[in-house]
Amino acid sequence: MEQLTMTGQKRREAAARGTVRDSAAYDMAPGEIARARAFVREFLDTARSQHGLTISARAADISQLVVSELATNVCKYAPGPCLLDVESDARCADIVVTDVRARAWHGPAGEELRGA
């Protein structure tokens, strides 16, 4: 796992909005699922302790469940490198797992779709 922490201007902009963000890159093998869960848990703990965000224990548990499900899907359907982005403010948390090899493809009507 490689942690990619925001720096500079993006961090200042996020802080001004009361938003906390972080990212981590994984070579999504089965052992990495637990690491992704731990990353989200640590991210939310830091958001509470260092940024003063109110995050309930239930929200933290659900966030870890969500990242487990997303990471499991990557392992099953698109194994290989992926990026985990987490963003939180006082209202919600966004958790995004992206297959870094994702490329656009076109559906039956010619619309562009995202896929592995």
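Here are the numbers for this structure:
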read-out: The range 40-51, residues that are open to solvent by less than 60 Å² (accessible area, probe 1.4 Å) and farther than 11 Å from ALA93 by Cα; value: THR46
read-out: Residues of the range 75-89 satisfying the condition of being in a loop (DSSP other than H, G, I, E, B) and under 11 Å from TYR26 (Cα atoms); value: PRO79
read-out: Cβ-Cβ under 9 Å pairs, at least 6 apart or on other chains, the range 72-101 side closer than 30 Å to GLY18 by Cβ, far side charged (D, E, K, R) and assigned to a helix (DSSP H, G or I); value: VAL74/GLU32; CYS82/GLU32
read-out: Residue check, SER63 surrounded by 15 or more Cβ atoms within 10 Å (Cβ to Cβ), among the polar types (S, T, N, Q) and touching a residue at least 40 places away in the same chain (Cβ under 8 Å); value: no
read-out: Qualifying residues in the range 22-36 (those that are open to solvent by 80 Å² or more (accessible area, probe 1.4 Å) and outside any loop (DSSP other than H, G, I, E, B)) - the one nearest to ALA90 (Cα to Cα); value: ARG35
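The values are calculated or read from the model by the stated rules, or taken from the named source; none is laboratory data. Everything numeric here is computed off the predicted structure, so don't read it as measured data. All Cβ positions, glycine included, derive from the backbone under ideal geometry; neighbour counts span all protein chains shown. Heads up: the accessible areas ignore ligands, DNA and RNA and are worked out on the full protein's heavy atoms, side chains in. Shrake-Rupley method; radii C 1.70, N 1.55, O 1.52, S 1.80 Å.
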